[in-house]
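The values are calculated or read from the model by the stated rules, or taken from the named source; none is laboratory data. Bear in mind that the values here come from a model prediction, so they are computed numbers and not experimental data. Cβ placement follows ideal geometry from the backbone for every residue including glycine, while neighbour counts extend to all protein chains displayed. For accessibility, only protein heavy atoms count, side chains too; no ligands or nucleic acids. Shrake-Rupley method; radii C 1.70, N 1.55, O 1.52, S 1.80 Å.
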Amino acid sequence: MRRAEYLAEPAVADFLNWIRPLVEGRRALVHAWIGGRGEAFGCTSLFEAFGQYQWPFRITLPGHYSETVGRSFAETEFVLGQLSIELQRAAADRNSERFTDYAIAVLKWGGVTKANVPWLTSRSSREVLDVIDAADLLDPEKADLAQLAGIPRLNSGFTKIYALMLRGSVIYDSRVGAALTYLIAQYMREAALTYTPTPLRLRLPTGYQRGGLPYRRVPGFTTLGSSPAAWADSNIRASWLLGEAARHGEFSSFEPAQRLRAIESACFMLGYSLSGMSVGS
């Protein structure tokens, strides 16, 4: 199944019609939490959730001596833009060493180095090129859900790398996955569905506690294991859904390349904790 076929599925079209008022701000989305370090978040709309985006980072880019520091969406976009350009350039040049250096920088930005950096640095040049080549399978513009075998690795860290390599690919981590599946579950409740329509059966990255606030996992959605193909399936579906949703409301005022990152950032902030989140009437 490819993008056009997926978006034409009745359940997908119905969900996108349901979420559109939330994207356009015609329907409230109320949520608030206090993080483990005392940071506070609150919103009354999806776009306001994006406006509250924060992710503190401190990294040194390859070839640089000074650190790049930030936390806001604009600061994040700046550093990710640089990383994206260099990753794509290294991939186009088939330069496995340079690609590894910038992929590690992405992992450091995302705070997901523990298992991913050793895995990446232990690969041969040929195996790193396999990681690069797998981007073709994950490209939302041409991906086929029936053809996802052959991806060497995909998890919360590597979804960040591929998102910067591919136009229109969402970072599908626990927070984004939690928020999106919550919204799908809310749609199901309002539509009086007793089952999750097959096209909307996204799988969730494994749960954990962040800042002392446990995730309340959405009923009816299974968690992802270690299968790269399974992760890719949900990653691509999320990219298609959020990419289409971001074409509306204030998100549409962004350049096309930024729309997906903006709505993804809104979901990222919502997904810190699901407890207490509510959708207005």
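Of the residues making up segment 125-136, one or more are surrounded by 14 or more Cβ atoms within 10 Å (Cβ to Cβ) and under 17 Å from the mean Cα position of the chain (by Cα).
Open to solvent by 30 Å² or more (accessible area, probe 1.4 Å), more than 30 Å from Ser281 (Cβ to Cβ) and outside any strand (DSSP E or B): is that true of Ser84 in this structure?
No; evaluated as a whole, the condition is false for this residue.
Residues in segment 35-44 that are open to solvent by 20 Å² or more (accessible area, probe 1.4 Å), touching a strand residue (DSSP E or B) at 6+ places or on another chain (Cβ under 6 Å) and under 17 Å from Arg175 (Cα atoms) were compared, and the one that is modelled with the lowest pLDDT is Ala40.
The lone criterion from (1) open to solvent by 70 Å² or more (accessible area, probe 1.4 Å); (2) not in a loop (DSSP other than H, G, I, E, B) left unmet by Thr100 is number (1). Please work out which residue is farthest from the chain's Cα centre (by Cα), limiting yourself to segment 249-281 and to residues that are under 20 Å from Leu166 (Cα atoms) and among the polar types (S, T, N, Q). Per the stated criteria, the residue is Ser252.
Exactly one residue out of Ser275, Ser174, Ser239, Ser234 is modelled with pLDDT of 95 or more and in contact with a strand residue (DSSP E or B) (Cβ under 9 Å, 6 or more places away or on another chain): that is Ser234. Of all residues in segment 219-243, those that are free of Cβ contacts under 8 Å to residues at least 60 places away in the same chain have Cβ atoms under 7 Å from Cβ atoms of residues that are open to solvent by 20 Å² or more (accessible area, probe 1.4 Å) and among the charged types (D, E, K, R), 6 or more apart or on another chain, in Phe221/Arg203; Thr222/Arg203; Thr223/Arg203; Leu224/Arg203; Ala230/Arg203.
So, of the residues in segment 87-97 that are open to solvent by less than 100 Å² (accessible area, probe 1.4 Å) and without any contact (Cβ under 8 Å) to a residue 12 or more places away in the chain, which turns out to be nearest to the chain's Cα centre (by Cα)?
Going through segment 87-97, the residues open to solvent by less than 100 Å² (accessible area, probe 1.4 Å) turn out to be 87-88, 90-92, 95-96.
With without any contact (Cβ under 8 Å) to a residue 12 or more places away in the chain added as a condition, the list becomes 92, 95.
Values: Ala92: 24, Asn95: 26 Å.
Checking each candidate, the answer is Ala92.
Pairs meeting the criteria (first residue in segment 1-15 and assigned to a loop (DSSP other than H, G, I, E, B), second residue surrounded by 15 or more Cβ atoms within 10 Å (Cβ to Cβ) and among the small types (Gly, Ala, Ser), beta carbons under 8 Å, at least 6 apart or on different chains) are Arg2/Ala143. Among the residues here, Arg58 does not qualify as open to solvent by 50 Å² or more (accessible area, probe 1.4 Å), more than 27 Å from Gly280 (Cα to Cα), basic (Lys, Arg) and in contact (Cβ under 8 Å) with a residue 60 or more places away in the chain. Within segment 37-49, residues that are hydroxyl-bearing (Ser, Thr, Tyr) sit with their Cβ atoms under 8 Å from residues that are buried (at least 17 other Cβ atoms within 10 Å of the Cβ) and not in a loop (DSSP other than H, G, I, E, B), at 6+ positions apart or across chains, in these pairs: Thr44/Leu29; Ser45/Leu22; Ser45/Leu29.
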